[in-house]
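Engineer: First the structure, then my questions, so here it is.
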There are 2 protein chains.
Amino acid sequence: MTKARQIIIIGCGASGGTTAQFARKTDRTASITVFESGKYTQYSKCGLPYAIAGTISEFQNLIEFSEDWFKKEHIDIHLETSVEEINFEQRRVIAKKGSERIEKEFDALILATGAKPWMPPIQNIKKNGQLLQGVYVLRTINDGKQILAQIKKGKKATIIGAGLIGLEMADTLNKKGMNVTVIEALPTILANTLDEDMSEPLLLALQEKISVYTNHLAIRAEEQYGIITSLIIKEKTTGEEKKIQTDLLIIAAGTKPETTLAKTIGCIIGKTGGIQVNETSETSVKNVYAVGDCTEYRDYVTNEPLGIGLGSIGVRQGIAAGVNAAGGTYVLPPGVLLTRTSEFFGMEIAAVGPVKQNCLQLPVVSGKYKGSSRPDYFPGGEPIVIKVSAHEKTGCILSAQAVGSNAAQRINTLACAILGRISVEEFRKLETAYAPPIAPTLDTVTLACDVVSLKLARKRR
Amino acid sequence: MTKARQIIIIGCGASGGTTAQFARKTDRTASITVFESGKYTQYSKCGLPYAIAGTISEFQNLIEFSEDWFKKEHIDIHLETSVEEINFEQRRVIAKKGSERIEKEFDALILATGAKPWMPPIQNIKKNGQLLQGVYVLRTINDGKQILAQIKKGKKATIIGAGLIGLEMADTLNKKGMNVTVIEALPTILANTLDEDMSEPLLLALQEKISVYTNHLAIRAEEQYGIITSLIIKEKTTGEEKKIQTDLLIIAAGTKPETTLAKTIGCIIGKTGGIQVNETSETSVKNVYAVGDCTEYRDYVTNEPLGIGLGSIGVRQGIAAGVNAAGGTYVLPPGVLLTRTSEFFGMEIAAVGPVKQNCLQLPVVSGKYKGSSRPDYFPGGEPIVIKVSAHEKTGCILSAQAVGSNAAQRINTLACAILGRISVEEFRKLETAYAPPIAPTLDTVTLACDVVSLKLARKRR
């Protein structure tokens, strides 16, 4: 009898948890151990704004796979357990749970160490080494619970960062009756998701409900008795300063991959700061895999290194790492599409592929179409705007952005086109499903590609 | 100065009207003439059930491009004008409007003659050569108006044919308070759209609201004073007969291409009964094009001849014919995907590619996944079932069927995969857009392909 394969996973977020599940599916006899420094097994970080909003009735509901579930699958799960050291020579992990020391051998090791919130440099944001009271990041269930406890109708909330999470939280706090201000250092909102021409109408719509300061830095906090009272912000171009009264400050300014352990065993860290992984989710060190927010992979379109910050990609890396670490074979596409979506203030947005400024090396032609979810003659059609960018030489679709009706599902169709290296000329002829209550004869996805095709034809003439 | 190109289009339905538009877009100076035997310019036939239901407030609203619109575009439009003859030697069309005779020369001719409802052989359905009062087909605005006038709450309506139109009308009449019975000759409903395992749950749901008799033939009508009173139906296997009281009978049993004129000029008629066209929408006769329901093209997946019965395809053929007839170039994909959708009794269904029985020549492996529109932890998720079939050797996706949340948009994504000849193994790894209120981390579209991939892997082992 051969010895059972020993797999250790460090981190039980969505990526680490998924790795454990797929390792188990692939090898029913493997010894699988998961170390998680937090209190909870695999839960949805992306669901936190909705648990704070109350749409999801309890934070506990965010847990997708319980401790019991892991135990039933004979996965040795250790919560509130920190990995202190990886002894790579001896292929051993040394962890600590309270005063207890756990040592465990591995054949394959998976790093699912996640990311830490990036803290912008704000004067006086800490007192005695601690964040002021009323200042939070949103990364864990614990963060979510603390924020919820601070929400008071009629009080003032400020959010740093107008990315997806920042705006989801702005929506949540607005619904809860707070006066919301969002501060964004870049000149546009949602800069990683939408080009400026697509995000600008959203910004105008947002400004009817909340205050948004783009191109502003948060530079200094003011406090009383250790509790935040206001935030000083500065316009980046003019240098003009402004004081924003605030009872609650949420920092959603991006994350930084957690790679401390990876570095100790020589995993190559890429230029985005994440652990480099390949299409099997293996790092530069054999039999060591990494998944999720701690990793760096490639952009499918530009082939440039890309830090992973989407749960949906982490889960897919987890499938690959789990299967491969357990002796199976699972090869991911040669890069990520970055298919992403969100919904706030009643608007659905979605995108796939790099935003314009990340495509600057490529000759790109873009086109946009404003359509409706239904034929003109059918009442109740909802607007949908789609922008498509294609490679000027090949016509291949490189990216797409959508705002409006079923933006996410429409972007999935364009994501499939990018995956298949389909050109705008081919895609514009895609037969889309038509029925008056559901969609027009020619869907906006193809009409946007028509616009790009015509521009390309003119350029090539 | 060269003489302006002369284009004649026979028929101003969606396909013919679209042809005229795209001919005009392609050649601003061409002489474009359209002959239409009916009273109206291009309108949505697919919208008729919704105009009858009152969702669309007036039949007039179904007109997508008015007579004035055509005139403004300098398109010579002749309504209530029948083409009597095509003199192909002289490249001349002879038409008649009342007593007026119109003769017109063409360089390019487009046949957009549509289809006629197929009438099943029902004894006594006619009296003195006319359909009994209370018996209708649904093909024109006039048919729609007549049906609307006959709808009476609490009365009995019978529909022959459980295809998309039959069930859309069943929904409409049910909403209007009629007692609805549907008679279908085949053993299943929606046989051209869904495989039996997909349609069966729908049939059960329908039977809670209306009566459905599958595997039954309508064999005889009964009347009083020329008005229908009941319909005798017969179970095809047992031969058992049953009398259905009926005040209104709608026949929605399919259509037959109208090819009389095409035959007179030698256009090849294919085995489905439609005019054979190629990927430029040209018939076997040079400079004669045909578009829409009168045509036969090919199935993209099976490469078999296929009669065209979908407005969305007719419109795409119209684009091709219009551009090509006017001297441009527009090549359609080498076959149709048959992307289709509908909604009735609150259920959205969609499909792409041939149903199982039309794939019998191919080695096919199918898989099905029942998912939700949202992650489990997020309230309000709606069910979605997707079935995918793939080629056993290549893994290429051949067809897909969906019932439930956003079925149409999800099927569009799979339609793109079929267009791009993408395999289930590739598609299962497609990054789909994820956000808790919008879609789960792994969408049902990819999970259905996972099921097929696993089956394929087992077969190949």
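Engineer: Once the piece of chain linking A:K145 and A:E89 is laid out straight, how much longer is it, given 0.36 nm per residue of separation minus the C-alpha distance between them?
Structural biologist: Contour length minus Cα-Cα distance gives 16.0 nm.
Engineer: Quick check: net charge around A:G270, other residues with Cβ under 15 Å of its Cβ, Lys/Arg +1 and Asp/Glu -1?
Structural biologist: Net charge in that neighbourhood comes out at -3.
Engineer: Also, quick follow-up: Taking the Cα centroid of the range B:2-59 and of the range A:94-130, what is the distance between the two, rounded to the nearest whole Å?
Structural biologist: For the range B:2-59 versus the range A:94-130, the Cα centre distance is 67 Å.
Engineer: Counting other Cβ atoms within 10 Å, keep those with at most 14, restrict to DSSP loop, and tell me which trypsin sites (Lys or Arg not before Pro) in the range B:1-50 are left.
Structural biologist: B:K3, B:R28, B:K39
Engineer: A further question follows. Hey, could you pull the Cα Rg and Dmax for the range A:119-253, both in Å?
Structural biologist: 14.1, 44
Engineer: Something else now. Which of B:Y297, B:Y289, B:Y40 comes first, and how do the rest follow, when ranked by fewest Cβ neighbours within 10 Å?
Structural biologist: Ordered by Cβ neighbours within 10 Å, fewest first: B:Y40, B:Y297, B:Y289.
Engineer: Something else: Residue farthest toward the positive end of the dipole of the protein assembly as shown, with Cβ of Lys/Arg at +1 and Asp/Glu at -1: which of A:C267, A:W118, A:T29?
Structural biologist: Working it through, the farthest residue towards the positive pole turns out to be A:C267.
Engineer: Okay, moving on. From the label point of A:P201, set 7 Å from Cα along Cα→Cβ, how far away are the matching label points in the other copies, in nm, ordered shortest to longest?
Structural biologist: Nearest first, the other copies' label points are 3.6 nm away.
Engineer: If you take every residue apart from A:R410 with its C-beta less than 10 Å away from the C-beta of A:R410, what net charge results, scoring Lys and Arg +1 and Asp and Glu -1?
Structural biologist: On the way: positive: none; negative: A:E348, A:D443.
It works out to a net charge of -2.
Engineer: How do A:C416, B:C396, A:C449, B:C46 line up, fewest other C-beta atoms within 10 Å first?
Structural biologist: B:C396, B:C46, A:C449, A:C416
Engineer: Moving on to the next point. Which of the three applies to chain B, rounded, prolate or oblate, going by the alpha-carbon gyration tensor with a ≥ b ≥ c and a/c under 1.5 meaning rounded? The partial results should precede the final answer.
Structural biologist: Values: a/c = 1.82, a/b = 1.17, b/c = 1.55.
Oblate is the answer for chain B, as a/c is 1.5 or above yet b/c matches or exceeds a/b.
Engineer: What distance in nm separates the simple spin-label points at B:K175 and B:M119, each placed 7 Å from Cα in the Cβ direction?
Structural biologist: The modelled label-to-label distance comes out at 3.0 nm.
Engineer: What percent do you get for the relative contact order of chain B when only Cα pairs under 8 Å and 6+ apart count?
Structural biologist: Reported as a whole number, the value is 13 percent.
Engineer: Shifting gears a bit: Once the Cβ-Cβ distance between B:E222 and B:K25 is put in as r, and R0 is 60 Å, what FRET efficiency do you end up with, to the nearest 0.05?
Structural biologist: Step by step, r from the Cβ atoms, then E = 0.65.
Engineer: Are there trypsin sites (Lys or Arg not before Pro) in the range A:86-161 that DSSP puts in a loop and that have at most 14 other Cβ atoms within 10 Å, and which ones?
Structural biologist: In loop regions of the range A:86-161 (DSSP not H, G, I, E or B), the sparsely surrounded trypsin sites (Lys or Arg not before Pro) are A:K152, A:K153.
Engineer: Quick one: with label points 7 Å out along Cα→Cβ, list the inter-copy distances for B:L454 in nm, shortest first?
Structural biologist: Output for B:L454: 4.8 nm, nearest copy listed first.
Engineer: Moving on to the next point. For the range A:327-369 and the range A:254-308, what is the centre-to-centre distance using only Cα atoms, to the nearest Å?
Structural biologist: 19 Å
Engineer: The range A:219-286: percent of C-alpha pairs farther apart than 18 Å?
Structural biologist: That tail contains 60 percent of the Cα-Cα pairs.
Engineer: Follow-up. Okay, which of the range A:39-76 sit inside 20 Å, backbone N to the point 7 Å along the Cα-Cβ direction of A:K256?
Structural biologist: none
Engineer: May I ask you to report, in nm to one decimal and beginning with the shortest, the distances from B:T329 to the same position in the other copies, taking label points 7 Å along Cα-to-Cβ?
Structural biologist: So the distances to the same position in the other copies read 4.1 nm.
Engineer: Of A:I159, A:Q130, B:F65, which is farthest on the positive side of the dipole of the protein assembly as shown, counting Cα position, with +1 on Lys and Arg Cβ, -1 on Asp and Glu Cβ, and the Cα centre as origin?
Structural biologist: The one lying farthest along the dipole's positive direction is B:F65.
Engineer: Would you kindly enumerate the cysteines in chain B that have no other Cys beta-carbon under 4.7 Å from their beta-carbon?
Structural biologist: For chain B, the answer is B:C12, B:C46, B:C267, B:C294, B:C359, B:C396, B:C449, because their Cβ atoms have no other cysteine Cβ under 4.7 Å.
Engineer: State log₁₀ I(q)/I(0) for the range B:1-76 at q = 0.17, 0.20 Å⁻¹ as given by the Debye formula over alpha-carbon point scatterers of equal weight, solvent excluded.
Structural biologist: -0.65, -0.82
Engineer: A further question on this structure: Quick check on the protein assembly as shown: helices-only [θ] at 222 nm, where DSSP H runs of length 4 and up contribute -39,500 (n - 2.57) each and the sum goes over total residues. Nearest 500, please.
Structural biologist: Computed ellipticity for the protein assembly as shown at 222 nm equals -7000 deg cm²/dmol.
Engineer: Could I ask something else about it? Counting C-alpha atoms alone, how compact is the range A:275-390: give Rg to one decimal and Dmax as a whole number, in angstrom.
Structural biologist: According to the Cα coordinates of the range A:275-390, Rg and Dmax are 18.2, 61 Å.
Engineer: Suppose we take every Cα in the protein assembly as shown and form the convex hull; what volume per residue is that in Å³?
Structural biologist: Details: hull volume 178.9 nm³, N = 922.
Spelled out: Cα convex hull of the protein assembly as shown, divided by residues, is 194 Å³.
Engineer: How many nm separate the modelled label positions at B:K39 and A:T238, each set 7 Å beyond the Cα in the direction of the Cβ?
Structural biologist: Using points 7 Å along Cα→Cβ, the separation is 6.4 nm.
Engineer: Any idea what diffusion coefficient the range B:158-203 gets from Stokes-Einstein, in µm²/s, Kirkwood Rh on alpha carbon pairs, 10 °C, 1.306 mPa s? Provide the component values of the computation, followed by the final result.
Structural biologist: Values: Rh = 10.8 Å.
Estimated via Stokes-Einstein, D reaches 147 µm²/s.
Engineer: As a test of the definition: which semi-axes, in Å, follow for the range B:340-460 when you take the square root of five times each eigenvalue of its alpha carbon gyration tensor? Largest first, please.
Structural biologist: 24, 17, 11
Engineer: Using every pair of alpha-carbon atoms in the range B:6-129, split the distances into 10 Å bins beginning at 0 and state the percent of pairs per bin, rounded to integers.
Structural biologist: Result returned by the calculation: 12, 37, 30, 16, 4, 0.
Engineer: Can you figure out the FRET efficiency of A:D197 with B:T272, using R₀ = 41 Å and their beta-carbon distance, to the nearest 0.05?
Structural biologist: My answer for the efficiency is 0.30.
Engineer: OK, next. What is the sum of charges around B:K368, taking Lys and Arg as +1, Asp and Glu as -1, for the other residues whose C-beta is under 9 Å from the C-beta of B:K368? Kindly include the intermediate steps, with their values, before the conclusion.
Structural biologist: Details: positive: B:K370, B:K387; negative: B:D197.
Once all neighbours under 9 Å are counted, the net charge is +1.
Engineer: Using +1 at the Cβ of each Lys and Arg and -1 at the Cβ of each Asp and Glu in the range B:340-460, identify which of B:Y369, B:A390, B:F344 lies farthest towards the dipole's positive end.
Structural biologist: Most positive-ward Cα: B:A390.
Engineer: So, how do all the Cα-to-Cα distances of the range A:296-343 break down into 10 Å bins, in percent, from 0 on up?
Structural biologist: Calculated P(r), rounded to whole percents: 26, 50, 23, 2.
No lab work stands behind these numbers, since they all come straight from the coordinates. Source: prediction; values computed, not measured. Cβ: placed from backbone, ideal geometry, glycine included. Neighbour counts: every protein chain shown.
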